[in-house]
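Beneath this line is the structure, given in structure tokens, with notes to follow.
Values quoted throughout were computed directly from the atomic coordinates according to the rules given, and no laboratory measurement underlies them. Bear in mind that the values here come from a model prediction, so they are computed numbers and not experimental data. Neighbour counts run over all protein chains shown; Cβ positions are idealised from the backbone, glycine included.
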Amino acid sequence: MATPLVTIITPTYNRAGFLRETVESVLSQDYPAIEYIVLDDGSNDNTAEIMAAYGEKVKYIYHGNMGETATVNKGFAMSGGDIVCVINSDDPFYTNQAVSTAVRYLNEHADAVMAYPDWVAIDETGAVLHKEQLPQY
């Protein structure tokens, strides 16, 4: 199996209460080739302090507020990855095999242009509200 570089982009805006869990879920992935970029869209909470703890493990960039779409597009422009993933700052990966599973699927299905996981909706304490099992496209 090829090991393409995967860039993961996390746009964030005043989501410090959720950000650490998302960052940890990305950093705990079992896939060996990840470039992780967190783009702070002008937060005025303690996002910068949270991100400082990760040092060079995460490329953290703060810019003035320009909205989620422009922030994600900025991440795409910065990306060095062969595969690019966007995971919002309040949407942690549910498993540490999410990236490796997606890459394996994309490698095995040359006609696929994207992969999207099933997911669970959680509340602010992490309790599962409901599960979504998505159809294959």
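Things worth noting here:
- For the stretch 1-57, the Kirkwood hydrodynamic radius comes to 12.2 Å, computed from all pairs of different C-alpha atoms.
- Comparing 45, 90, 111 in a Gaussian network model of the chain where C-alpha atoms under 10 Å apart are linked, the largest mean-square fluctuation is found at 111.
- Between the stretch 12-28 and the stretch 86-137, the alpha-carbon center distance in angstrom: 16 Å
- Cut-off 15 Å between beta-carbons: net charge of the residues surrounding residue 101, Lys and Arg +1, Asp and Glu -1: -2
- Net charge over other residues, Cβ less than 11 angstrom from the Cβ of residue 14 (K, R count +1; D, E count -1): -3
- Computed [θ] at 222 nm, helices only, for the chain once each DSSP H run of length n ≥ 4 contributes -39500 (n - 2.57): -8500 deg cm²/dmol
- Residues in the stretch 1-20 reached by a label modelled at residue 104 [backbone nitrogen below 12 Å; 7 Å Cα→Cβ]: 1
- A quarter of the convex hull surface defined by the alpha-carbon atoms of the stretch 32-137 gives 8.3 nm² as the mean projection.
- Seen against the Cα atoms of the chain and their longest principal axis, helix 98-108 is set at about 40 degrees.
- Distance-filtered residues of the stretch 79-112 - backbone nitrogen under 14 Å, label point 7 angstrom along residue 21 Cα→Cβ: 88-95
- Of the residues 19, 39, 106, the one that moves most in a GNM of the chain with alpha-carbon contacts below 10 Å is 106.
- Angle between the chain longest axis and helix 16-27 axis [Cα atoms, degrees, rounded to 10]: 40 degrees
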